[in-house]
Each structure stands twice: as C-alpha cells, then as structure tokens.
2 protein chains.
Amino acid sequence: MSAGKKTIAELTRENREDFQMALSVDCVIFGYEQNTLKVLLIKSDLEGFEEEWSLLGDLVKRNENLEDAPYRVLKARTGLDDVFLEQVFTIGTVDRHPAGRVITVVYYSLVNIRDHQLKLEHHELHWHPVYEIQSLAFDHKKILDACVKKLRAKVIKYPVVRNLLPEKFSLRALQQVYEAILDTPLDRRNFRKKFFLMNWLEDVKEMETDVPHRPGKLYRFKKNNVSAAVATPINKL
Amino acid sequence: MSAGKKTIAELTRENREDFQMALSVDCVIFGYEQNTLKVLLIKSDLEGFEEEWSLLGDLVKRNENLEDAPYRVLKARTGLDDVFLEQVFTIGTVDRHPAGRVITVVYYSLVNIRDHQLKLEHHELHWHPVYEIQSLAFDHKKILDACVKKLRAKVIKYPVVRNLLPEKFSLRALQQVYEAILDTPLDRRNFRKKFFLMNWLEDVKEMETDVPHRPGKLYRFKKNNVSAAVATPINKL
C-alpha cells in the first residue's frame, strides 16, 4: 500500500488475486498411555493420499471464526468435546496443499488417553506412538515434528504434563512421562533434584498402593501454578 | 470431508467459497530507549482509518511464502533488514477486516532502537511508548495487547532482553529493561537474587565508566544459553 490514502474498494480490487486462499486447522492431539507418547491420527480420505495417516483437520468455513474450527473438527471426528486446544503456529508455504493455497493453523493438546475415550468409531482413527511414525499425508510429518519440538521445550518450562497424569502420582510415574516425551532415559537422582527446584509439586502425604515395587510417595501439582518458581517472584517484585 | 474417498477436484469444488480469504502479516516491533518500551507504528493510509496509527503489515502475495512476507514488509516500510522476526499467533475472527476475510499472522521482534536506525523516512513511522497507546486502527490494539502479554511471559522464562541491551551492561540497566517491559518498579535486592538463580549472566570483570552514580560491575549474557539453568539439566539428564 502506497503513501496516498486508499479506499477499501481500491484495496480489495488491487488485491483481488490475493483473496483466493483458504484457511485450515490441523489438530495435534498428544496422548499418553503405557508409558508412551502418542498422537491421534485419521486415515486420509483424499485422492492421492489413500491409506496414509494424517492429523485431524479441515478447512475453516467462510463464516467461522478461526478459534472455533479446531473444536468443531475434534468433536466431529472423535466426539471429544472436553479437550483444551492451544494454537501453536501457522504454516503458509506456497504449494503445500494440492487443492490450492491453503494456510494451516496448528493446534495442539495433551490428554490422558484413559480419561478421553473416543466417542466416534466410524472414522479410521488411531493413537500412534509418536516416535514410531515415519511418514504422514501432506506435510503433516513436518507439522508433527515441529509440534513435538515445541512440546519438548514446553514441558521443561511449564507444568503441562499435569494433563497426562492422574491427580496423584509417584515420582516414578512423573519421570516416565518425561522420558516418554523427551524420548530418552533420565537419571533418577538428577531428575528429582532438578524437578524439585521448580517447586511445582506438593506432597499429598499418601503412598502408592497395589504396585509391584516398593510403594512411592504420592504428589500432585500445586493449583494455579503455571510458572516456574524461580520466575514467578521476578514478576511479583 | 466425509468418510468416502474424495478427489482433489471435488474438494476444491465443494469448498470453493472457502477459497476467498486473504492472509496478512502484522509486525509488532518492540524497541527500547530511554528506559521505555516502545513499538514501531505507521500512520494508516486506508479510508476510514486516516490519522490512526497501525502496526506494520500487508497482505501476503499469492505466490509468496508466509514466512517471507514480514521481512518484505519491514524492509519496504523501514529499510530494516537485520531484524529477526518470530511468529507469535494468528487471528482469524470473521469480519475483523473491512476489505474481506483477512486472517492475520502476527510476528514480533525486540530491537535496541539505537542499533536499528530506520532507513526510510517518507512513511509516517514512529516509535510509540507501548504503555501510552490508547487505540490503534483495525484490531491492532488488541493484537498489541496480546503481544505485550506474550512478551511479559517470555522475558521471565527466556533471556530475550539480551536484544535490548548492549553487549556489556550493569545490573541497574538490566533491571531498568525489566521494569520497562513489566511496567512496574522492581525491588532491587529481590530482582538480583532471583535473576542470578537463572544463571544466564557472566561477570565480565569490568566496571561501568562515565556514570553519574557509583559504577556498577558489568555483565553479559552467556553465549548459547537460551534456556533457564534450572530447566536445562532436565533435558540433559
């Protein structure tokens, strides 16, 4: 737009060919079960991508707010309506989609699979172990990889793994979640030492029961504690 | 998209009216000078918004990758070509733009104003103190507010204020940056104590010179340290 005043009609006319894009959302729903980080995928129904798995997504409707779309998609495809979705990033590479210029906004969520049973079974839906996935339809493998990278950075800074654990859990269970997400074994002593520095947990004064090993103490995440202990006081000085 | 296989042509045809959107980028360039957090604004040249200030932005061209657009806009409007821009979030509310359905992707950057002199002067460009801004064109005030909130959360978790300071700086100067961003006075002793816990700084073994107060020790940010000290070891266990 140049320095002179411009009317809306001029703007629209001059840029008509830029108004031929579509917007989509893709949902990366991470789940956790059997000590494994998984992601919810659906069998693609698009020509050229048959038999390939893809993320849950759809075009945003012309009269639909962007932020409503991922909830609609998730509900329609899985029946899930109790999942909080967070926007992660937007990908708008030219030619990324075979149907035209489609910009996709990626949302992610972390859910405890046991507490979020899929309610619709007629789509070909499946929880896949994240680190076993070799390829996906479209550029979804690239999207997934970027999302995994964000997730790994996030769990180190914020207590988001609370969404993957029951209310009360042992430090052993906590470490298993971190190992599953970071995809690497962690040293028990170091993990506990560093984790307690964050001051996210409180002791619930109970022990594990019915476990095949020595019962551990149970902890829970403190309420309303979304930032690291070190950082909070800086904000509150 | 239903469960049956679908061709690309069918997909495009069925969703033709969804392919009438445009994509824009808006750049929130935060700057710092005279102990004040500022943002770079431009006088709007669009009918109905004359005399209002807006963020630097433009429509993404049909054949332009999304990630190239904010650099083009910044270069064209300010001459700046040495600024790193980070994608923050995307806003796609229906009817947010008078020219049609325009989804905007917001990018942000933090620059030391003294080191980034604007090279083009013919646009009406200005650095505005962030906390004095009452309104902006379009929904740009809402975008700015959301960006400021993100920035405030970010400076607590990551050493991004390094971009606002000279290589060597005193703790007094460091505290002033934090006070400018958080828009609140901080307690000197508490600030220093909490900041050193993050382990981001190293002592350069030099003192300030030519200052009207007692010279302070100079520090610099450690190289390649992008995460908090507390968190890093968890990733490296």
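The values are calculated or read from the model by the stated rules, or taken from the named source; none is laboratory data. Owing to the predicted nature of the structure, the values given are computational and were not obtained by experimental measurement. Using ideal geometry, Cβ is built from the backbone for each residue, glycine included, and neighbour counts are taken over all protein chains shown.
Structure data summary
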quantity: Residues within the range B:169-200 that are under 18 Å from B:Asn35 (Cβ atoms), in contact (Cβ under 8 Å) with a residue 40 or more places away in the chain and either at the interface with chain A (Cβ under 9 Å from one of its Cβ atoms) or not aliphatic (A, V, I, L, M) (or both), tallied; calculated: 6
quantity: Residue within the range A:178-188 that is of a type in the set (S, T, N, Q), assigned to a helix (DSSP H, G or I) and surrounded by fewer than 14 Cβ atoms within 10 Å (Cβ to Cβ) present; calculated: no
quantity: Top-ranked residue in the range B:30-54 [being among the hydrophobic types (A, V, I, L, M, F, W, C) and touching a strand residue (DSSP E or B) at 6+ places or on another chain (Cβ under 7 Å); ranked as farthest from the other protein chains (Cβ to nearest Cβ)]; calculated: B:Val39
quantity: Test: residue in the range A:21-29 that is in contact with a strand residue (DSSP E or B) (Cβ under 6 Å, 6 or more places away or on another chain), facing another protein chain (nearest Cβ under 7 Å) and of a type in the set (Gly, Ala, Ser); calculated: yes
quantity: Top-ranked residue in the range B:138-165 [being within 18 Å of the chain's Cα centre (by Cα) and assigned to a loop (DSSP other than H, G, I, E, B); ranked as farthest from B:Thr93 (Cα to Cα)]; calculated: B:Leu165
quantity: Extreme residue, surrounded by the fewest Cβ atoms within 10 Å (Cβ to Cβ), among residues of the range A:203-223 that are under 26 Å from the mean Cα position of the chain (by Cα) and outside any loop (DSSP other than H, G, I, E, B); calculated: A:Arg220
quantity: Qualifying position, being among the charged types (D, E, K, R), more than 13 Å from chain B (Cβ to nearest Cβ) and touching an Asp or Glu at 6+ places or on another chain (Cβ under 8 Å), among A:Lys75, A:Lys61; calculated: A:Lys75
quantity: Whichever residue in the range A:103-128 is within 10 Å of another protein chain (Cβ to nearest Cβ) and modelled with pLDDT under 95 and, among such residues, is farthest from A:Glu17 (Cα to Cα); calculated: A:His122
quantity: Single unsatisfied condition, B:Ile29 versus (1) over 30 Å from A:Leu46 (Cβ atoms); (2) free of Cβ contacts under 8 Å to residues at least 24 places away in the same chain; calculated: (2)
quantity: Filter result for A:Gly92 (of a type in the set (Gly, Ala, Ser) and within 11 Å of chain B (Cβ to nearest Cβ)); calculated: yes
